[in-house]
1. Please list, ordered by first then second residue, the pairs with beta carbon atoms under 7 Å, 6 or more apart or interchain, first in the range 382-401 and over 15 Å from Asn54 (Cα atoms) and in contact (Cβ under 8 Å) with a residue 24 or more places away in the chain, second of a type in the set (Phe, Trp, Tyr) and outside any helix (DSSP H, G or I).
2. Can you pull out every residue in the range 403-437 that is over 16 Å from Asn51 (Cα atoms) and under 21 Å from the mean Cα position of the chain (by Cα)?
3. Filter the range 66-75 down to the residues that are of a type outside the set (S, T, N, Q) and more than 16 Å from the ligand (Cβ to nearest atom) and list them by number.
4. Taking the range 120-142 only, how many residues are modelled with pLDDT of 95 or more and either surrounded by fewer than 22 Cβ atoms within 10 Å (Cβ to Cβ) or closer than 30 Å to Cys341 by Cα (or both)?
5. Inspect the range 241-255 for any residue being assigned to a helix (DSSP H, G or I), under 25 Å from the mean Cα position of the chain (by Cα) and either surrounded by 19 or more Cβ atoms within 10 Å (Cβ to Cβ) or among the charged types (D, E, K, R) (or both) and give the result as yes or no.
6. Applying the selection to the range 308-321, what residues are more than 13 Å from the ligand (Cβ to nearest atom), aliphatic (A, V, I, L, M) and closer than 30 Å to Gly291 by Cα?
7. Name every residue in the range 368-396 that is more than 19 Å from Val19 (Cβ to Cβ) and not aliphatic (A, V, I, L, M), in order of residue number.
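The values are calculated or read from the model by the stated rules, or taken from the named source; none is laboratory data. Since we're looking at a predicted model, the values are computed, not measured. Every residue, glycine among them, receives a Cβ derived from its backbone with ideal geometry; neighbour counts consider all protein chains shown.
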Amino acid sequence: MAESSLAAYDTPNVIVVMVDDMGYSDLGCFGSAIETPAIDSLASGGVTFNNFYNTARCWSTRASLMTGLYPHQSNKAMSFGSKAPFGYQGDIPRDTKFISELLQTRGYSTYHVGKWHLNNRTSAVEQSWPLGRGFDNSYCIVSQNNFFAPWRMRDESQIIVRPKDPRQWPQDYYMTTAIGQRSRDYLDSHLRDSPDKPFFLYVAHTAPHFPLHAPADVIAKYLGKYMQGWDEERKRRQSALRQKGIVKTKLSERDEEAVAWNSLSREEQIEWDSRMAVHSAMIDVVDQEVGRLVSLLKKRGIFEDTVIFFLSDNGASAEVLIRGDGDDVTAPPGSAASYECLEVGWSNACNTPFRQHKMWTHEGGISTPLIVHWPNGRIANGTINKQVGHVIDLVPTIMDIVKKRLPSTTNYPGESLLGTIRSGNTRGRMLFWEHLGNRAIRHGYWKAVLEYEQPWQLYDMRNDRGETIDLAKNRPALLSKLTLKWDDWADASSVVPWPSLQEFHPNYRFKYKRK
Ligand SMILES: [Ca+2]
């Protein structure tokens, strides 16, 4: 491969693997007991960002990943329809370019597999699916309500609707495995049909988002492993993160909606142990699929010239919902007939050492590991990179890596991370968040954060990413400087006060931590 490696160096292949609702410390290499050897090996052979952020929600992070903009700037902060103000309508404008469109018109073959969540609500609906947004091929999961038999998919341009009875669906189907298989099928056909072209492969896993569904044999590996409970699990993970040099912070308090593990009956503990076992199994299977993808890249001799990014779209979720085919309470945990969520106690543990969950702008909602792996990229292998980064940075980073210019017509708020991926040098950033009225700004090591209808809080991220010591009252001048900067950003970025959107979300309250 020596010759072609050199030739291919100018245009490496790019793979983005994104998981759904995975907690900050859910990877083995981030201190969990979940077996993720393939992802851990990408981390040890690549660069791991420990200060990396998403936007706290599925669609908004995907909008930022694809467009390089804050979600409001791409009109995808929410999907409230055409009567809502720009920023919240849900229709990404046609002239906002996706990374897939930028790469497709610059000589890349482009493949999408898995979740999408960016289709328009009102205008140009057909053109807003992956095939209309720069992907040559797409295996698109439209509904993830049943991992064993999804209700709706788009396989290329064909819409597939599941028969009402899930037993009429292939009985060996499991979504994560199907996503992995199609990723490898696309790679195989790419290498057969257009081996001279580089490729961009976007693998959007739907795991470990609820419902908690996983193959029984993988769940069996983890059953009984969590009987020590979420309070112990949080301590164990915090200590592992500290030992690995990933995060050193005081542990946040147990979430106020979660009960003490010791107050549960033995039967309740067994039930909760199984929830976490299924969550672990879902991530375990994702890792197995990452492993199979890596094996294929190695077998075909293109592993060295392929850049792999791995991240989660938001933190673990405390939601409590039953959708899809409903919950048969007599069905085994993790089976197709069950419909269960992680809920607040385990979500809290999965986001260790941070506070809050998916949807909040505290660290538990917006933090994700980012792993970047690129053997031929002269990058600082096996290092933990402390640069503060955000999913808006991935478009400029990918374009930098493939040596192509960003469109000059767009003012991108992010920046390329390639320099720091190589050097490990860090510099100050100013980043912003707004989701459901929750707000945050990070400027250097300071973070101001506000939960909707609560006052601003101020934290020093150098030693308190657990957000345990609110410095708002000690540093009022600093806090007001930061919140004014947030106001300026909001004004310039199509962010509007959450209460002004009341008519579009009459039921949008934070009740989901409770049953
Ligand atoms: Ca998500």
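1. Partner pairs satisfying both residue conditions: Asn385/Phe49; Pro396/Tyr412.
2. Of everything in the range 403-437, those that are over 16 Å from Asn51 (Cα atoms) and under 21 Å from the mean Cα position of the chain (by Cα) turn out to be Tyr412, Pro413, Glu434, His435, Leu436, Gly437.
3. Gly68, Leu69, Tyr70, His72
4. Looking only at that region, the number is 13.
5. yes
6. Listed by number, the list holds a single entry, Ile308.
7. Scanning the range 368-396 gives Trp374, Pro375, Asn376, Gly377, Arg378, Asn381, Gly382, Thr383, Asn385, Lys386, Gln387, Pro396.
Conditions tested, residue by residue: (1) polar (S, T, N, Q); (2) more than 18 Å from Ser64 (Cα to Cα); (3) within 16 Å of the ligand (Cβ to nearest atom); (4) not in a strand (DSSP E or B).
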{"residue": "Arg323", "(1), (2), (3), (4)": "no, yes, yes, yes"}
{"residue": "Thr330", "(1), (2), (3), (4)": "yes, yes, no, yes"}
{"residue": "Glu340", "(1), (2), (3), (4)": "no, yes, no, yes"}
{"residue": "Lys358", "(1), (2), (3), (4)": "no, no, yes, yes"}
{"residue": "Ile371", "(1), (2), (3), (4)": "no, no, no, no"}
{"residue": "Ile392", "(1), (2), (3), (4)": "no, no, no, yes"}
{"residue": "Thr397", "(1), (2), (3), (4)": "yes, no, no, yes"}
